[in-house]
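Step one of this worksheet: look at the structure below.
What follows draws every value from the coordinates through simple rules; no lab data is involved. Computed from a prediction, not measured in an experiment: that's the story for all the values here. We place every Cβ from the backbone using ideal geometry, glycine too, and count neighbours over all the protein chains shown.
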Amino acid sequence: MKKSILQRMAEEAVNRSEPVEAITPEYLVPARRNSSPVIANIGKSLTHLGEDSIVSLDPSKIDRSPYQDRFNNDQDAEAELEALKTSIGSEGQKIPVLVRPHPTKPDHYQLAYGHRRLAAVRSLMADAERPETVKIKAHVRNLTDRQLIEEQAVENGVRENLTWIEQAMWAVQLKEAGLSHRAICPVLALSEAAVSHLFRVTSVIPTDIIYAIGRAKSVGRPKWTALADLLKDDSKITAVRELLETTEFQSKDGAGRIGMAIDRANGTIATEPNAAPQTVNFALGERLFGRMKESSSGTIITIPKKEDAFARWLAERMPELVREYDHQSGRVIR
């Protein structure tokens, strides 16, 4: 059974002859039983947070963690972000993020975890009439790079797990940061063989193709390995890249996109590049009134919340605009 990151961290401490303190609150620990390493390490994190004061920070002064363990440009992630934005907008931010003072930028911070909360608050800030009033609740703690990584791992361990390809891309970043395969194992809670397999796949599939497919919730190692085996032929990489901007590919979820990529690499889908979807901004100077974007099912117009007055004006004028359009096209609506 795969061990969690917390359990592996605890075992590493034991191997270094360091005591693992069970500082979990007593009401969480059954009587006459010693707390497990997993509970102990969660307890340490909770205790640290309990000792930290909660402060309100300017979201624009918080940079992302240098170690990106989740994908952003993904339909699932966008839908989850919109839901979180709505929740925070109506009920407020219930759980603070964790940040550290930025190592190179004075009066700035670097995120340890809570990137979705940060993205949601920033989106609310962009829509607000007075952006300077929008703040984000945060714990501030001095963290080394290693501690920053461990905090991200703790959050992933107790919340939604990373998908297989997110683990693979995080492993790439950790390796670029100087961590060895052996050091990466406890961060991802994987064996050395499993970590090596992550690198075998990411060394073959180009990054742009991976991110275009996305986090692919329901897709595991076998399909990513199959795609990597096919893309050892450079000509097949070119064929798959031609698929990425098609509306059909972009309309699929992660499982559908990797399926189409495998089919294209196999030659099952003919190479027929489509025009990329277009986005048009409605702006006057620096003021953005709305955005129009093509999708697989039609055209979507989005108007920022702060331009509600424009949205109502447009809705009132719509019948007149429709009649004008039909008159110019040679048809008349009565």
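Amide H to amide H, with H built 1.01 Å from N, Leu98 comes under 5 Å of Ala112, Tyr113, His139, counting only residues 5 or more places away or on other chains.
Which links in Lys223/Lys252; Lys137/Lys217; Lys94/Lys135; Lys217/Lys293 stretch past 23 Å when you go from one Cα to the other? Going by Cα-Cα distance, Lys137/Lys217; Lys217/Lys293 fall outside the 23 Å limit.
Exposure proxy for Ser251, Ser123: other Cβ atoms within 10 Å of each Cβ, ordered fewest to most, give Ser251, Ser123.
Can you compute the charge dipole magnitude of segment 286-328 about its Cα centre, using +1 on each Lys and Arg Cβ and -1 on each Asp and Glu Cβ, nothing else charged? Give it in debye, rounded to the nearest 20. Don't skip to the answer; put the middle values down first.
Numbers: 8 positive and 8 negative charges, 45 e Å.
I would put it at about 220 debye.
With neighbour counts taken as other beta-carbon atoms within 10 Å, the residues Tyr211, Tyr325 rank, fewest first, as Tyr325, Tyr211. Segment Ser251..Arg287, full-extension length gain: 10.0 nm, with 0.36 nm per residue of separation and the alpha-carbon distance subtracted. Only one residue of Val322, Ala309, Thr299 has its Cα farthest out toward the positive end of the dipole of segment 286-328, where Lys and Arg carry +1 and Asp and Glu -1 on Cβ, and that residue is Ala309.
Within segment 77-155, report the trypsin sites (Lys or Arg not before Pro) that DSSP leaves as loop and that have at most 12 other Cβ atoms within 10 Å. Before the final figure, lay out each step's value.
Details: sites: Lys85, Lys94, Arg116, Arg117, Arg122, Lys135, Lys137, Arg141, Arg146; in loops: Lys94, Lys135, Arg141.
Sparse-neighbourhood loop trypsin sites (Lys or Arg not before Pro): Lys94.
Close amide H contacts of Ser65 (hydrogens built in the peptide plane, cut-off under 5 Å, sequence separation of 5 or more or a different chain): Leu111. Taking other Cβ atoms within 10 Å as a rough exposure proxy, Tyr67, Tyr109 sort from fewest to most as Tyr67, Tyr109.
Maximal additional length on extending the Thr302-Gln147 stretch stands at 51.8 nm, based on 0.36 nm per residue less the C-alpha distance. Each label was represented as a point 7 Å from its Cα along the Cα-to-Cβ direction; for Thr279 and Gln68 these points are 1.5 nm apart.
By how many nm would the segment from Thr86 to Ala128 lengthen if fully extended, with 0.36 nm per residue of separation less the alpha-carbon distance? Before the final figure, lay out each step's value.
Numbers: separation 42, 0.36 × 42 = 15.12 nm, distance 1.34 nm.
The span from Thr86 to Ala128 would gain 13.8 nm if fully extended.
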